[in-house]
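Below: the structure, in structure tokens.
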Amino acid sequence: MAQTRRKRQTKHRGNAAGVVEARGRTGRKPTAAEKSGKASEVAKAKARAIDRRDRPPTWRGAFIKGMFAAVVLLLFTIFFLPKSNSLIGLFPVVLVMYTLISYFTDRFIYRYRQRSKAKRGGGKASSR
């Protein structure tokens with residue numbers, strides 16, 4: 001006769017006293033730093049390696065910032081200005097302007113930070 005009940009995938013945990021013991025580590029093997037208990041140093045090194053201010057600006061990020069600002073301005077005009085129907089048509093123009101302003105501002109700040117880091121000798125500066 002075929003089995004109608006599905007077999008359980010894992011063993012029931014617990015001992016005779018009813019205490020459920022935690023399973024050991026079942027994933028990947030820990031690295032040497034994790035084994036030695038220096039996880040905070042690993043986290044600090046990772047944070048240093050991926051500093052948001054050291055990444056060059058992108059048009060996508062500028063578009064997202066511009067979209068947010070343009071939507072806030074659009075909502076402001078809809079709710080607080082009496083004749084906002086004609087201003088809604090300016091939304092694409094405002095979006096383009098905010099995107100350009102955001103990108104070039106981010107690029108200026110990024111280049112300024114890279115130059116100052118190069119003067120201090122604290123990293124490599126990219127010349128774009």
For the stretch 89-99, how many residues are over 22 Å from the mean Cα position of the chain (by Cα) and surrounded by 11 or more Cβ atoms within 10 Å (Cβ to Cβ)?
6
Give the stretch 37-53 a look and list any residue that's closer than 30 Å to R111 by Cβ, at pLDDT 70 or above and in a helix (DSSP H, G or I), or say none.
A43, K44, A45, K46, R52, R53
Being surrounded by 14 or more Cβ atoms within 10 Å (Cβ to Cβ) and either touching a strand residue (DSSP E or B) at 6+ places or on another chain (Cβ under 6 Å) or of a type in the set (K, R) (or both) is true for just one of R111, R120. Which residue is that?
R111
Within the stretch 5-14, can one find any residue that is modelled with pLDDT under 75, β-branched (V, I, T) and over 25 Å from the mean Cα position of the chain (by Cα)?
yes
Would you be able to say whether some residue in the stretch 57-79 is under 17 Å from I109 (Cβ atoms) and assigned to a loop (DSSP other than H, G, I, E, B)?
yes
Cross-chain or 6+ apart pairs with Cβ under 9 Å, the stretch 43-61 first and more than 30 Å from Y98 (Cα to Cα), then modelled with pLDDT under 80:
A45/A33
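The values are calculated or read from the model by the stated rules, or taken from the named source; none is laboratory data. Every value quoted in this text rests on a predicted model; they were computed, and no experiment measured them. We place every Cβ from the backbone using ideal geometry, glycine too, and count neighbours over all the protein chains shown.
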